[in-house]
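The values are calculated or read from the model by the stated rules, or taken from the named source; none is laboratory data. Because the structure is predicted, anything quoted here is derived from the model rather than measured. No Cβ is skipped: glycine too gets one built from the backbone with ideal geometry, and neighbour counts run over all protein chains shown.
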Amino acid sequence: MQPIISISNLCKTYDGGVQALDNVSLDIAPGEIFALLGPNGAGKTTLISAVCGIVTPTSGMMMAGGHDVLRDYKRARKMIGLVPQEISTDTFETVWATVNFSRGLFGKPRDTAYIEQLLKDLSLWDKRDAKIMELSGGMKRRVMIAKALSHEPEILFLDEPTAGVDVELRRNMWNLVRGLRERGVTIILTTHYIEEAEEMADRVGVIRKGEIIVVEETAAIMRKLGKRQLKLTLSEPMETVPDALAEWELELADEGHCLIYTFDANDESTGIPSLLKTMSDHGIGFADLDTSKSSLEDIFVGLVHEEPAAEQEPTA
């Protein structure tokens, strides 16, 4: 299957020498939900803006639906809907007028039934005659989403779409995303609500300092990089971990009341049975135990803060 978005060796250096994108290559399949994660300043918005034609890259190639984003901008842009981070729309227009106008900008014929259903899906129907200036911040965000979907794009970019909005809109938003995916729309989102990416995305990409450092199916990255923890609540607190338990590299927590053992859940031998036996042999009792697994957020934090390995000096 041909990717609906194909990015090759994309670089962007702003005036002043700031390199926002460093040789980014990425393919996105039709109909998938792809989550792009990264800290502030990592290059997420620059990457989205480049594909949407808002930012001109320094070098590289971008294709959207088989159209070169730089050479065939109009055809590529018609395929794309964008919900930017910043809310920007005509404050004196009504909701109905501004959404209809956005549809017309892409050369789409009037479709009253489609716009009506779109506004209902976003809980905007009752506000259709209200001016944008009269709306709350959450309602304005809904209008931005409606504008992005007004021309029925095949590709939808959501740049922090639920930042600062209420729980109801977030729920409506993700229900809408699921419905769009069922109709074949490809969705690329950035989000700081990492639990949403874990729940919604088929694949996850992590960008750091302008570089894509990992692209993986969400479930696979959880299996590959996720860890599990065993937390043992001790019957009696201890000041230090006994030498007899040194091989498990345990962490003492909660003022000596808990022992925490971090292990790879994919290993056939976790070491837990031998740990518990050794504790019993040395008279170390525990009142309770609990296990938990790493979330995508734990993995993400570990990846973006991981420093590259130091380069070795060349040898003669």
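General observations
- Among the residues listed as Arg170, Arg178, Arg141, Arg203, the single one being in contact with a Ser or Thr (Cβ under 7 Å, 6 or more places away or on another chain) and either free of Cβ contacts under 8 Å to residues at least 60 places away in the same chain or within 30 Å of Ala287 (Cα to Cα) (or both): Arg170
- Within the stretch 43-53, considering residues that are in a loop (DSSP other than H, G, I, E, B) and in contact with a strand residue (DSSP E or B) (Cβ under 7 Å, 6 or more places away or on another chain), the one farthest from Gly184 (Cα to Cα): Gly43
Residue-wise test of (1) within 23 Å of the chain's Cα centre (by Cα); (2) surrounded by 15 or more Cβ atoms within 10 Å (Cβ to Cβ).
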residue	(1), (2)
Pro109	no, no
Leu124	no, yes
Ile132	no, yes
Met139	yes, yes
Met144	yes, yes
His151	no, yes
Leu158	yes, yes
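- Inter-residue pairs, beta-carbon under 6 Å, first in the same structural domain as Glu154 (by TED's automatic domain parsing) and in the stretch 106-126, second of a type in the set (D, E, K, R), 6+ apart: Phe106/Lys78; Leu119/Arg128; Leu122/Arg142; Leu124/Arg142
- 3 or more residues exposed (fewer than 14 other Cβ atoms within 10 Å of the Cβ) and of a type outside the set (A, V, I, L, M, F, W, C): qualifying helices (runs of 4 or more DSSP H) within the stretch 167-271: 167-182
- Given (1) out of contact with any Cys (no Cβ under 7 Å at 6 or more places or on another chain); (2) not in a helix (DSSP H, G or I), number of the condition Phe157 does not satisfy: (1)
- Members of the stretch 70-128 found to be hydrophobic (A, V, I, L, M, F, W, C) and out of contact with any helix residue (DSSP H, G or I) (no Cβ under 9 Å at 6 or more places or on another chain), listed by number: Met79, Ala97, Leu105, Ala113
- All of Asp90, Asp22, Asp72, Asp27 fail the test of being in contact with a Gly (Cβ under 6 Å, 6 or more places away or on another chain) and surrounded by fewer than 18 Cβ atoms within 10 Å (Cβ to Cβ), apart from Asp22.
- Of the residues making up the stretch 54-107, those that are of a type in the set (Lys, Arg) and assigned to a loop (DSSP other than H, G, I, E, B) number 1.
- If you check Gly60, Gly53, Gly66 for being closer than 17 Å to Ser6 by Cα and either without any contact (Cβ under 8 Å) to a residue 40 or more places away in the chain or in contact with a helix residue (DSSP H, G or I) (Cβ under 8 Å, 6 or more places away or on another chain) (or both), only one passes: Gly53.
- Lone qualifier among Ala316, Ala287 - being of a type in the set (A, V, I, L, M), over 30 Å from Ala35 (Cα atoms), at pLDDT below 90 and outside any strand (DSSP E or B): Ala316
- Test: residue in the stretch 109-126 that is part of a helix (DSSP H, G or I), in contact with a Lys or Arg (Cβ under 7 Å, 6 or more places away or on another chain) and among the polar types (S, T, N, Q): no
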